[in-house]
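*Asks:* Below are the structure tokens for one structure; questions will follow.
The values are calculated or read from the model by the stated rules, or taken from the named source; none is laboratory data. On a predicted model such as this, the values are computed, not experimentally measured, just so you know. Cβ atoms come from the backbone with ideal geometry, glycine included; neighbour counts cover every protein chain shown.
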Amino acid sequence: MKISTLMIAAALISTSCGKIEDEYVDRSVKYNINWTTAADSSSTAFANVYWNSTKHHFNDDNLGTISQFDYWPEAHGLDVLVDAYQRTKSEVYKQRIYDFYEGVKAKNGGRFYNNYYDDMGWHGMAHLRALEATGDVRYEESARELWKDIVAGWNLDDGGGIPWNHENNAQGKSKGIPSNGPAAIIAARRWQKYKEAEVVNGHNDLEWLSMIYSWMKENRVVQQSGRVFENINDKNGDWTYNAGTYIGAAIEYYKITGNKVYLNDAIKTADWTTSTLVNSNNKVLSDWAEQENHDVNLFKGIFVRYLTELIRLKDLPESSRKRYVNFLKNSGQILWSTGTTKSPFVLFGYHWWEAPLSGKAGLRAELSGAMLMEAMATLNNEGYLK
């Protein structure tokens with residue numbers, strides 16, 4: 001994700017961190033949406049309209065444009081296929097997951113290695129999920145190789161952390177949540193799967209989780225508020241996906257240890273994000289600088305993925321669960337009702353309150369919308385929306 005050149009502020013961000021427990025309750029009764037139907041039509045459109053049936057990867061938009069810069073969104077495309085397959089058990093999604101492996105590998109030069117540690121992190125997580133969902137052992141091999149490449153980037157200069165780029169240049173030395181958040185989640189999930197049997201670069205996966213999580217918490221999180229930042233002096237660099245992967249890492253750490261410190265870390269950052277990184281008019285999740293066919297449009301879907309995992313965590317206090325459910329319900333209702341074109345197929349706007357008017361939607365915006373629809377269907381099917 002290359003966000004250093006963002007120039008446009010496309011969304012007004014509310015900076016209020018006040019009490020939000022009942023903020024979304026009244027909105028939830030305005031709509032009557034069948035979330036399973038919404039997810040079905042959304043993911044079906046994504047898997048068919050954006051899929052390149054010849055080359056077996058995702059196109060950059062619904063018009064068939066191919067971009068060589070889609071390596072990291074491809075990973076989230078795989079995530080959506082896994083979401084839809086786990087929910088429906090449709091062979092269509094399973095076949096896409098199978099074909100994805102060789103198609104995206106070929107597009108990336110015959111390997112999954114990439115110059116960017118953050119991009120490999122997204123694939124490392126998605127490949128593990130594909131393995132768990134389908135049992136396709138090719139994904140076990142690729143996930144393992146990606147993990148070895150990622151931890152090789154751990155840099156003890158300035159106290160640790162994994163940089164953005166492996167190359168030894170000014171940009172490459174930049175360390176932040178984009179690289180370290182996914183790495184921490186991978187470490188946690190690999191520890192839960194392989195335990196002491198896996199040691200990489202002298203550390204087992206639990207040790208990697210501890211080192212990476214501690215680095216993030218000490219260097220990129222404001223402890224009092226839960227704010228996750230890239231630059232402490234630039235709030236326009238506070239992104240929903242960074243908050244999301246920090247929450248995801250905290251959830252995984254809590255599952256392993258049972259230590260409420262990590263659950264509280266997740267809650268604090270979730271509270272901060274859902275009260276701060278929103279459009280001030282409708283309280284819908286929003287990032288600064290959302291714009292036509294840009295990386296930033298994918299960030300919201302990543303946050304939704306990990307907020308959904310927090311909602312599903314059995315030890316989450318019910319008051320927090322209610323608050324987060326109502327928050328997602330508000331965003332989902334507004335996206336589906338006003339931010340979506342439904343004919344001839346589902347297209348999502350990059351602002352979740354504005355439907356695409358041109359008949360075109362970029363891959364990243366479509367991914368975010370599809371992730372939210374799948375999340376809403378999952379929460380509804382598991383009884384959280386009652």
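*Asks:* Take region 237-250 and flag every residue that is closer than 15 Å to residue 181 by Cα and either surrounded by fewer than 24 Cβ atoms within 10 Å (Cβ to Cβ) or among the acidic types (Asp, Glu) (or both). Walk me through it before giving the result.
*Replies:* The first filter runs over region 237-250 and keeps only residues closer than 15 Å to residue 181 by Cα, leaving 238-250.
The answer is 238, and nothing else.
*Asks:* So, one more: Of the residues that sit in region 25-84 and are among the hydrophobic types (A, V, I, L, M, F, W, C) and part of a strand (DSSP E or B), which one is farthest from residue 306 (Cα to Cα)? Walk me through how you get there before you give the answer.
*Replies:* First, the residues of region 25-84 that are among the hydrophobic types (A, V, I, L, M, F, W, C): 25, 29, 33, 35, 38-39, 45-47, 49, 51, 58, 63, 66, 69, 72, 75, 78, 80-82, 84.
Keeping just the survivors that are part of a strand (DSSP E or B) gives 51, 58.
Numbers: 51: 25, 58: 23 Å.
This residue is 51.
*Asks:* Return the residues of region 330-347 that are within 20 Å of the chain's Cα centre (by Cα) and without any contact (Cβ under 8 Å) to a residue 24 or more places away in the chain; say none if nothing qualifies.
*Replies:* Residues satisfying the conditions do not exist here.
*Asks:* Go through (1) under 24 Å from residue 78 (Cα atoms); (2) in contact (Cβ under 8 Å) with a residue 40 or more places away in the chain; (3) not hydroxyl-bearing (Ser, Thr, Tyr) and name the single condition residue 353 misses.
*Replies:* In the conditions (1) under 24 Å from residue 78 (Cα atoms); (2) in contact (Cβ under 8 Å) with a residue 40 or more places away in the chain; (3) not hydroxyl-bearing (Ser, Thr, Tyr), residue 353 misses (1) alone.
*Asks:* Related question: I'm checking my understanding of the structure. Among residues of region 362-386 that are out of contact with any helix residue (DSSP H, G or I) (no Cβ under 8 Å at 6 or more places or on another chain) and at pLDDT 95 or above, which one is surrounded by the fewest Cβ atoms within 10 Å (Cβ to Cβ)? Give the steps one after another, and end with the answer.
*Replies:* Going through region 362-386, the residues out of contact with any helix residue (DSSP H, G or I) (no Cβ under 8 Å at 6 or more places or on another chain) turn out to be 382-383, 386.
Then keep just the ones that are at pLDDT 95 or above; that gives 382-383.
Values: 382: 11, 383: 7.
For region 362-386, the residue satisfying everything is 383.
*Asks:* Quick check on region 20-42: of everything there that is of a type in the set (S, T, N, Q) and modelled with pLDDT of 50 or more, which residue is nearest to the chain's Cα centre (by Cα)? Before you say what the answer is, go through the steps one by one.
*Replies:* Pass one, region 20-42, residues of a type in the set (S, T, N, Q): 28, 32, 34, 36-37, 41-42.
Add one more test, that the residue is modelled with pLDDT of 50 or more, and what stays is 32, 34, 36-37, 41-42.
Values: 32: 27, 34: 24, 36: 21, 37: 22, 41: 21, 42: 17 Å.
Result: 42.
*Asks:* With the structure loaded, tell me whether residue 191 is in contact with an Asp or Glu (Cβ under 9 Å, 6 or more places away or on another chain) and either touching a residue at least 24 places away in the same chain (Cβ under 8 Å) or part of a helix (DSSP H, G or I) (or both) or whether it fails that test. Full working, then the answer.
*Replies:* On the way: in contact with an Asp or Glu (Cβ under 9 Å, 6 or more places away or on another chain): yes; either touching a residue at least 24 places away in the same chain (Cβ under 8 Å) or part of a helix (DSSP H, G or I) (or both): yes.
So residue 191 passes the test.
*Asks:* Hey, another quick one. Give region 207-248 a look and list any residue that's hydroxyl-bearing (Ser, Thr, Tyr) and either assigned to a helix (DSSP H, G or I) or under 22 Å from residue 155 (Cα atoms) (or both), or say none. Even if it seems obvious, please write down each step before you answer.
*Replies:* Filtering region 207-248 down to residues hydroxyl-bearing (Ser, Thr, Tyr) leaves 210, 213-214, 225, 240-241, 245-246.
Correct list: 210, 213, 214, 240, 241, 245, 246.
*Asks:* Looking only at region 305-329, filter to residues that are of a type outside the set (A, V, I, L, M) and within 19 Å of the chain's Cα centre (by Cα); which one of those is surrounded by the fewest Cβ atoms within 10 Å (Cβ to Cβ)? Walk me through it before giving the result.
*Replies:* Residues of region 305-329 that are of a type outside the set (A, V, I, L, M), as a first pass: 305-306, 308-309, 312, 314-315, 317-324, 326-327, 329.
Add one more test, that the residue is within 19 Å of the chain's Cα centre (by Cα), and what stays is 305-306, 308-309, 312, 324, 327, 329.
On the way: 305: 24, 306: 27, 308: 23, 309: 19, 312: 15, 324: 23, 327: 26, 329: 22.
Selected residue: 312.
*Asks:* Please work out which residue is farthest from residue 251 (Cα to Cα), limiting yourself to region 299-324 and to residues that are hydrophobic (A, V, I, L, M, F, W, C) and assigned to a helix (DSSP H, G or I).
*Replies:* Here the residue is 299.
*Asks:* Among (1) in contact (Cβ under 8 Å) with a residue 24 or more places away in the chain; (2) part of a helix (DSSP H, G or I), there is one condition residue 131 misses while meeting the rest; what is its number?
*Replies:* All conditions pass for residue 131, except number (1).
*Asks:* Got a sec? Which of 259, 281, 233, 242 is in contact with a strand residue (DSSP E or B) (Cβ under 9 Å, 6 or more places away or on another chain) and at negative phi?
*Replies:* On the way: 259 fails: in contact with a strand residue (DSSP E or B) (Cβ under 9 Å, 6 or more places away or on another chain); 281 fails: in contact with a strand residue (DSSP E or B) (Cβ under 9 Å, 6 or more places away or on another chain); 233 fails: in contact with a strand residue (DSSP E or B) (Cβ under 9 Å, 6 or more places away or on another chain).
It is 242.
*Asks:* Further question on the same structure: Considering (1) farther than 17 Å from residue 302 by Cβ; (2) part of a helix (DSSP H, G or I), say which one residue 251 fails and leave the rest.
*Replies:* Here residue 251 meets the rest and fails (1).
*Asks:* Right, here's the next one. Inside region 40-66, can you point out the residues that are touching a residue at least 60 places away in the same chain (Cβ under 8 Å), touching an Asp or Glu at 6+ places or on another chain (Cβ under 9 Å) and not aliphatic (A, V, I, L, M)?
*Replies:* 42, 43, 46, 50, 58, 59, 60, 61, 62, listed by residue number.
*Asks:* Hey, can you tell me all the residues within region 127-169 that are among the aliphatic types (A, V, I, L, M), closer than 19 Å to residue 198 by Cα and under 21 Å from the mean Cα position of the chain (by Cα)? Talk me through it step by step, then tell me what you get.
*Replies:* So in region 127-169, the residues among the aliphatic types (A, V, I, L, M) come out as 128, 130-131, 133, 137, 143, 146, 150-152, 156, 162.
From what's left, closer than 19 Å to residue 198 by Cα: 128, 131, 137, 143, 146, 150-152.
128, 131, 143, 146, 150, 151, listed by residue number.
*Asks:* Collect the residues in region 85-105 that are among the polar types (S, T, N, Q) and either within 14 Å of residue 301 (Cβ to Cβ) or in a helix (DSSP H, G or I) (or both), keeping them in residue-number order.
*Replies:* Kept after step one, since they are among the polar types (S, T, N, Q), are these residues of region 85-105: 86, 88, 90, 95.
Of everything in region 85-105, those that are among the polar types (S, T, N, Q) and either within 14 Å of residue 301 (Cβ to Cβ) or in a helix (DSSP H, G or I) (or both) turn out to be 86, 88, 95.
*Asks:* Can you go through 191, 164, 122 and tell me which one is at pLDDT below 95, under 21 Å from residue 246 (Cβ atoms) and among the aromatic types (Phe, Trp, Tyr)?
*Replies:* On the way: 191 fails: at pLDDT below 95; 122 fails: at pLDDT below 95.
Going through 191, 164, 122 in turn, just one is at pLDDT below 95, under 21 Å from residue 246 (Cβ atoms) and among the aromatic types (Phe, Trp, Tyr): 164.
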